[in-house]
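S.K.: Questions regarding the structure given below will be posed in turn.
The values are calculated or read from the model by the stated rules, or taken from the named source; none is laboratory data. Computed from a predicted structure; not experimentally measured. Virtual Cβ from ideal backbone geometry, glycine too; neighbours counted across all protein chains shown. Surface accessibility is based on the protein's heavy atoms, side chains included, excluding ligands, DNA and RNA. Shrake-Rupley method; radii C 1.70, N 1.55, O 1.52, S 1.80 Å.
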There are 2 protein chains.
Amino acid sequence: MEVGFIGLGNMGIGMAKSLLRGGHQVVAYNRTRSKAEALVSGGAVVVASIAEACRRGIVFTMMADDHAVSDAVFSTNGILASLPSGGTHISCSTISVALADHLAAEHTKAGQQFVSAPVFGRPDAAEAGKLAIVASGEKSAIERCKPLFEAMGAKLLAISEIPSQANAVKLTGNFMIATVLESLSEAIAFTRKSGVDPAVLLDFLTSTLFNAPVYKTYGGLILEGKHEPAGFVVPLGLKDIRLVLQAAEARNVPLPIASVIRDRFLTAIARGHEKSDWSILGQIAAEDAGLPVAKKAGV
Amino acid sequence: MEVGFIGLGNMGIGMAKSLLRGGHQVVAYNRTRSKAEALVSGGAVVVASIAEACRRGIVFTMMADDHAVSDAVFSTNGILASLPSGGTHISCSTISVALADHLAAEHTKAGQQFVSAPVFGRPDAAEAGKLAIVASGEKSAIERCKPLFEAMGAKLLAISEIPSQANAVKLTGNFMIATVLESLSEAIAFTRKSGVDPAVLLDFLTSTLFNAPVYKTYGGLILEGKHEPAGFVVPLGLKDIRLVLQAAEARNVPLPIASVIRDRFLTAIARGHEKSDWSILGQIAAEDAGLPVAKKAGV
């Protein structure tokens with residue numbers, strides 16, 4: 001299939017590569033053009049405008065936040081104005097539930113389809129075509145896009161016909177990952193101060209009750225104190241927690257743990273870690289317990 | 001081997017059965033004798049005093065809290081007074097780090113060995129001999145007890161020669177389980193109010209990043225609203241969070257999430273759920289979001 005792809009950051013570049021590897025033709029646009037150029041050797045065509053990326057009738061967006069997605073969609077010659085009637089916008093960004101509702105309404109008005117398809121996975125999973133994708137939108141649109149999702153993801157969950165429900169699930173998932181980060185951070189700080197090797201603790205937990213990728217991946221990063229280069233920077237983690245708190249507030253759902261985690265991310269940024277991976281929470285917990293920063297193979 | 005076993009509650013009874021099934025002889029004592037009688041058909045000898053349970057030189061304790069264990073050890077004709085010199089007390093209860101340190105010191109003074117061996121697993125795992133056991137104490141003592149641990153557990157982790165370090169690990173593990181409970185509770189309440197079937201969310205999460213027994217088991221209990229009969233009652237969950245907060249305070253380790261969870265357990269008890277399983281946090285989060293109580297197959 002021929003598709004446009006707008007937004008070639010850490011995640012987008014890997015997703016576009018997976019599409020190319022899957023035999024699809026990719027027309028790539030990025031505000032900073034040089035990032036898109038990296039795809040040329042893989043067969044992508046790099047274009048200079050959003051409008052050109054929309055001509056094939058299917059366009060992906062993978063951008064940092066609500067603001068960037070809104071800009072790309074609603075600006076003059078943006079996606080809404082450029083996508084042909086009957087065309088499909090697949091939004092993979094982690095955006096607010098409110099914006100997803102707004103986008104769905106506007107695309108429908110314009111005779112276009114809108115699919116919300118946020119993804120789970122870090123940049124390496126994006127590049128390997130091993131993302132987990134949660135998609136919501138018209139059944140026909142999701143059906144049409146299936147070969148594309150298959151190229152990018154190891155798992156596809158089609159939730160409902162209401163696009164924003166996929167965003168609610170994505171935000172919930174990221175909240176739960178952030179909870180794992182903070183609980184591991186607190187647990188490891190406590191364990192270190194108890195004189196127990198936290199590597200032994202982690203190995204035990206992840207070989208019994210907590211035998212899940214999220215504990216292994218982030219436990220490893222926290223133990224090693226390896227927070228750069230970032231797979232997912234702190235401000236994006238903060239953004240997702242803010243979005244889940246906002247969506248929950250709109251529905252009158254208190255989220256006590258999410259509120260705590262929001263403050264931890266604020267502390268991380270206040271201490272100058274805005275370019276670190278969100279696993280930096282491990283260092284914040286260590287500092288707050290008066291511990292030296294964790295170093296590889298050190299306690 | 002011949003061993004004494006003191007404390008035949010939900011967990012102890014299953015552990016004693018596993019020992020019997022493993023070919024060991026069990027001399028059982030429980031304050032409420034009728035509970036011990038259930039073991040007679042399996043070949044156990046039921047005795048009327050702690051002293052008699054200590055005669056074989058190896059005695060297990062599996063009791064509700066610090067108070068019960070202290071009573072059993074330090075009372076007149078208790079374990080400290082009754083265990084032969086060179087005998088071994090294996091404490092499987094989830095007790096405080098401070099009490100474990102105290103017990104280690106007193107048993108050493110009396111020429112006895114003290115092994116802290118708290119266990120992970122619910123009553124069904126205890127009965128099936130599938131507990132995960134964390135043991136700390138003198139190497140020779142742990143070596144001697146290995147056949148007993150093998151009868152009770154699917155996994156044994158020998159941490160160190162300092163008994164209380166096993167308790168620190170156990171408390172850390174229970175804190176992390178409680179975090180899973182609360183994060184699942186908040187996530188499911190938010191998802192329900194977003195109109196997404198929480199069973200779909202849970203299935204997705206537990207088949208991807210959160211593919212771990214703890215999420216499957218407790219996610220299922222919360223979705224079904226199945227909190228009785230309790231595998232682990234709320235006051236025991238509260239106790240463990242209190243113990244981890246106390247041990248962390250002694251080491252100057254702030255635990256922001258543990259502090260939140262303490263309050264959630266207090267709310268559960270304040271609302272009359274002291275006999276419910278600690279997964280009742282799911283119901284508390286639902287109530288606080290104005291949701292009807294979850295029922296099997298209902299949203």
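S.K.: Where both partners of a DSSP beta bridge lie in the protein assembly as shown, what percent of those bridges are antiparallel, to the nearest 5?
M.R.: Looking only at bridges with both residues in the protein assembly as shown, the antiparallel portion is about 15 percent.
S.K.: Between the label point of residue A:9 and that of the same position in each other copy, find the distances and list them shortest first in nm, with every label point placed 7 Å from Cα along the Cα-to-C-beta direction.
M.R.: When each copy's label point is compared with this one, the spacings are 4.9 nm.
S.K.: Which whole-Hz ³J(HN,Hα) couplings does the stretch A:135-148 yield from phi under the Karplus relation 6.51 cos²θ - 1.76 cosθ + 1.60, θ = phi - 60°, glycine and proline marked x?
M.R.: Once rounded to whole Hz, the list reads 10, 9, x, 3, 4, 4, 5, 5, 4, 4, 8, 3, x, 6.
S.K.: May I pose another question? Determine the shielding of peptide B:86-97 by partner chains: average, over its residues, the number of Cβ atoms on other chains within 10 angstrom of each Cβ. Before the final figure, lay out the partial values.
M.R.: Details: counts 0, 0, 0, 0, 0, 0, 0, 0, 0, 0, 0, 1.
Per residue, the average neighbour count from other chains is 0.
S.K.: In Å² (nearest 100), what accessible area is buried between B and A, both sides summed, heavy protein atoms only, 1.4 Å probe? List each step's numbers first, then the result.
M.R.: On the way: alone 13470 and 13480 Å², together 22040 Å².
For chain B against chain A, roughly 4900 Å² becomes buried.
S.K.: Mind listing the long-range amide H neighbours of residue B:156? Cut-off is under 5 Å, sequence gap 5 or more, other chains count too, H placed in the peptide plane at 1.01 Å from N.
M.R.: Placed amide hydrogens put B:133 under 5 Å from residue B:156.
S.K.: Across peptide A:154-161, how many C-beta atoms of other chains are within 10 Å of each residue C-beta, on average?
M.R.: That works out to 3 on average.
S.K.: Follow-up question, since we're still on this one. Please list, short to long, the whole-number percent of alpha-carbon pairs of the stretch A:1-126 in consecutive 10 angstrom bins beginning at zero.
M.R.: All Cα pairs considered, the percentages come to 15, 50, 32, 4.
S.K.: While we're here: List the distances, in nm and shortest first, from the label point of residue B:22 to the matching label points in every other copy, placing each point 7 Å from Cα along the Cα-to-Cβ direction.
M.R.: Here the equivalent label points are 5.0 nm apart from this one.
S.K.: Grab the other residues whose beta carbon is less than 12 angstrom from that of residue B:135, score K and R as +1, D and E as -1, and report the net.
M.R.: Value of the local net charge: +1.
S.K.: Calculated from DSSP H runs of 4 or more alone, at -39500 (n - 2.57) each and per residue, what is the 222 nm mean residue ellipticity of chain A, nearest 500?
M.R.: Details: 14 runs with 160 residues, N = 299.
Roughly -16500 deg cm²/dmol at 222 nm, from the helical runs in chain A.
S.K.: Then there's this: Which net charge results when you count Lys and Arg as +1 and Asp and Glu as -1 among the other residues whose beta-carbon is under 12 Å from that of residue A:183?
M.R.: Taking every other residue near residue A:183 into account, the sum is -2.
S.K.: Same structure, new question: Among chain B residues, which Cβ is nearest the axis of the B-onto-A rotation, and at how many Å?
M.R.: B:212, 2
S.K.: Once phi is turned into θ = phi - 60°, what whole-Hz ³J(HN,Hα) does the Karplus curve with 6.51, -1.76 and 1.60 give for every residue of the stretch B:183-199, x standing for Gly and Pro?
M.R.: 5, 4, 4, 5, 4, 6, 4, 5, 5, 4, 6, 8, x, 9, 5, x, 5
S.K.: For residue A:275 and residue A:146 in one chain, what is 0.36 nm times their gap in residues minus the Cα-Cα distance, to one decimal in nm?
M.R.: 43.0 nm
S.K.: While we're looking at this one, here's another question. Provide an ascending nm list, one decimal, of label-point separations from residue A:275 to the equivalent residue in each further copy; define each label point as 7 Å from Cα along Cα→Cβ.
M.R.: Spacings between copies for this position, smallest first, are 6.0 nm.
S.K.: Give the carbon-plus-sulfur fraction of the accessible surface of chain B in %, rounded to a whole number; probe 1.4 Å, heavy atoms of protein chains only.
M.R.: Of all accessible area on chain B, carbon and sulfur atoms account for 52 percent.
S.K.: Give the long-range amide H neighbours of residue B:25: residues separated by 5 or more places, or on another chain, with amide H under 5 Å away, using H modelled in the peptide plane at 1.01 Å from N.
M.R.: Sorted by chain and number, the residues that satisfy this are B:2, B:3.
S.K.: For the pairs A:193/B:109; A:155/B:275; A:193/A:275; A:275/B:155; A:239/B:226; A:109/A:170, note any where the Cα-Cα span goes beyond 30 Å.
M.R.: Numbers: A:193/B:109 27 Å; A:155/B:275 40 Å; A:193/A:275 28 Å; A:275/B:155 40 Å; A:239/B:226 34 Å; A:109/A:170 25 Å.
Listed pairs above 30 Å: A:155/B:275; A:275/B:155; A:239/B:226.
S.K.: Do me a favour and compute the ellipsoid semi-axes for the protein assembly as shown from its Cα gyration tensor, root of five times each eigenvalue, largest one first, whole Å.
M.R.: Whole-Å semi-axes of the equivalent ellipsoid: 53, 23, 20.
S.K.: With a Förster radius of 45 Å, plug the Cβ-Cβ distance of residue B:33 and residue B:203 into 1/(1 + (r/R0)^6) and report the FRET value to the nearest 0.05. Don't skip to the answer; put the middle values down first.
M.R.: Numbers: r = 46 Å, r/R0 = 1.02.
Calculated value: 0.50.
S.K.: Another question, then. What is the stretch B:145-245's relative contact order, in percent, from Cα pairs under 8 angstrom and six or more apart in sequence? Present the calculation step by step, with values, prior to reporting the outcome.
M.R.: Working: 41 pairs, mean separation 34.0, N = 101.
Once divided by the residue count of the stretch B:145-245, the mean separation gives 34 percent.
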